[in-house]
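The values are calculated or read from the model by the stated rules, or taken from the named source; none is laboratory data. Computed from a prediction, not measured in an experiment: that's the story for all the values here. Ideal geometry is used to build each Cβ from the backbone, glycine not excepted, and the neighbour counts take in all protein chains shown.
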Amino acid sequence: MHTPTRPPYGGPALFSYGFRPLFLAAGLFAVLAVPLWMAVWSGQVALSGPFSALDWHIHEMLFGYTSAVIAGFLFTAIPNWTGRMPTRGWPLIALSALWILGRLAVALAPWPLLVMAVDCAFLLAIGAMVVTEIVAGRNWRNLMVVVPVLAYLAANITFHLEAHMQGSADTGRRLGFAMVTLLIALIGGRIIPSFTRNWLAKQGPGPMPVPFGRFDAACLAVSLAALLAWVAAPEGALAGAGLLLAGGLQAVRLARWRGLRVWRSPLLAMLHLAFAFIPAGLAALGLASLGVWPAVTGFHLLGIGGIGGMTLAVMIRASLGHTGRALVAGRALTMAFCSVALAAVVRVAVPHGPGLWLAAALWTAGFGLFILHFAPVLTLPNPARRVPGGR
């Protein structure tokens with residue numbers, strides 16, 4: 001039986017594929033949110049939303065910026081998994097508007113439960129659309145991707161409820177970090193060795209990355225257990241030892257992906273370097289649980305280096321590849337990633353005074369370079385389609 005196909009898309013290029021508006025929104029938000037946070041932190045600006053200033057900063061990095069990147073990634077990957085047409089047009093416009101409405105509500109609306117409903121509606125919509133596409137495409141093996149999305153949504157709901165009822169979302173922020181860290185460990189463990197193998201296969205003989213297997217699954221299971229122990233009881237030997245073990249195992253995973261062989265490919269080196277912040281952050285949180293140093297070190301290694309670095313690297317690669325451009329980072333994009341990675345190092349090495357401002361400036365400069373390069377790329381048609389007489 002013939003399956004009817006959708007008519008050709010004739011709307012704006014920006015809404016022709018999920019990664020376009022969502023990566024653009026994430027990049028713009030990353031450029032704006034950190035300078036705004038510094039203005040709030042220094043007392044120059046006051047927000048009227050339901051969160052404390054610190055909780056607003058953490059929430060918007062974990063569930064504002066990051067949710068847009070995750071959604072953009074999923075809406076790019078799912079058509080490849082299912083063979084179906086990508087979400088485009090009005091559904092994508094509505095989804096993007098819902099994400100923007102969530103950011104405005106969290107910053108400005110003083111009604112906690114209404115803000116929670118508006119903010120969490122975006123991830124709920126993402127989960128529903130992912131399920132719909134995977135079921136329609138009968139791609140059952142990838143239905144499991146819904147589990148981390150729903151866990152991420154649950155972390156967001158926890159954050160809102162705890163902030164509303166207790167005034168500070170201590171458990172919610174740990175749960176948010178745990179879920180995003182696990183998502184990066186899972187997705188990174190799939191794409192980094194795969195992309196590395198494809199590139200190394202063209203470079204001549206030498207050791208190849210070890211593909212995802214039982215060892216990786218065991219590392220993820222240990223990391224999940226350690227992070228959940230940390231969420232429940234962040235101080236003590238159990239969380240500390242578990243996180244140190246998880247960090248060590250993630251470092252071994254990274255070493256198995258042959259990152260030392262990809263230094264001539266900045267696009268690949270970005271992924272390996274960004275992932276390196278995951279074991280470093282887990283180990284730092286483990287040492288914090290044992291009372292060695294403040295937890296803020298681990299939070300920023302994971303948040304700026306791991307989450308910020310990995311999402312930036314993925315957005316760069318996906319935006320180049322899916323707009324028909326060569327998978328070459330170039331000087332500007334390499335500088336963009338290095339700026340964000342350096343922001344993580346500066347933030348933990350110089351945690352007070354000038355260090356905060358320098359880290360904020362480096363983060364903003366990195367994502368500013370991303371936007372300068374990709375704003376026209378994401379909003380204009382692919383080069384292959386822009387030919388005389390073509391569509």
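Report, by residue number, each residue of the stretch 211-227 that is modelled with pLDDT of 95 or more, touching a helix residue (DSSP H, G or I) at 6+ places or on another chain (Cβ under 7 Å) and farther than 15 Å from residue 295 by Cβ.
The answer is 216, 219, 220, 222, 223, 224, 225.
Of the residues 347, 331, only one is farther than 30 Å from residue 284 by Cβ and among the charged types (D, E, K, R); which?
Unique residue meeting the criteria: 331.
Are there any pairs with C-beta distances below 6 angstrom linking a residue in the stretch 159-185 that is free of Cβ contacts under 8 Å to residues at least 12 places away in the same chain to a residue that is hydroxyl-bearing (Ser, Thr, Tyr), with the two at least 6 apart or on different chains, and if so which?
162/171
How about the stretch 103-129: which of its residues are at pLDDT 90 or above, closer than 17 Å to residue 72 by Cα and of a type in the set (A, V, I, L, M)?
Matches in the stretch 103-129: 121, 123, 124, 125, 126.
Can you pull out the residues in the stretch 125-143 that are within 11 Å of residue 95 (Cβ to Cβ) and surrounded by fewer than 18 Cβ atoms within 10 Å (Cβ to Cβ)?
Within the stretch 125-143, 125, 128 qualify.
Residue by residue, here is whether (1) buried (at least 18 other Cβ atoms within 10 Å of the Cβ); (2) under 21 Å from residue 302 (Cα atoms) holds:
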residue	(1), (2)
165	no, no
171	no, yes
174	yes, yes
190	no, yes
203	no, no
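Suppose we filter 286, 308, 242 for residues that are under 24 Å from residue 60 (Cβ atoms), buried (at least 18 other Cβ atoms within 10 Å of the Cβ), touching a Gly at 6+ places or on another chain (Cβ under 9 Å) and of a type in the set (Gly, Ala, Ser); which single one remains?
Answer to the selection: 308.
Could you count how many residues in the stretch 192-221 are touching a residue at least 24 places away in the same chain (Cβ under 8 Å) and either in contact with a Pro (Cβ under 9 Å, 6 or more places away or on another chain) or outside any loop (DSSP other than H, G, I, E, B) (or both)?
Of the residues in the stretch 192-221, 14 are touching a residue at least 24 places away in the same chain (Cβ under 8 Å) and either in contact with a Pro (Cβ under 9 Å, 6 or more places away or on another chain) or outside any loop (DSSP other than H, G, I, E, B) (or both).
Which one of the conditions (1) closer than 20 Å to residue 77 by Cα; (2) in a helix (DSSP H, G or I) does residue 100 fail to meet, given that it meets all the rest?
(1)
Select from the stretch 77-106 the residues that are of a type in the set (Val, Ile, Thr) and over 20 Å from residue 124 (Cβ atoms) and list them in ascending order.
82
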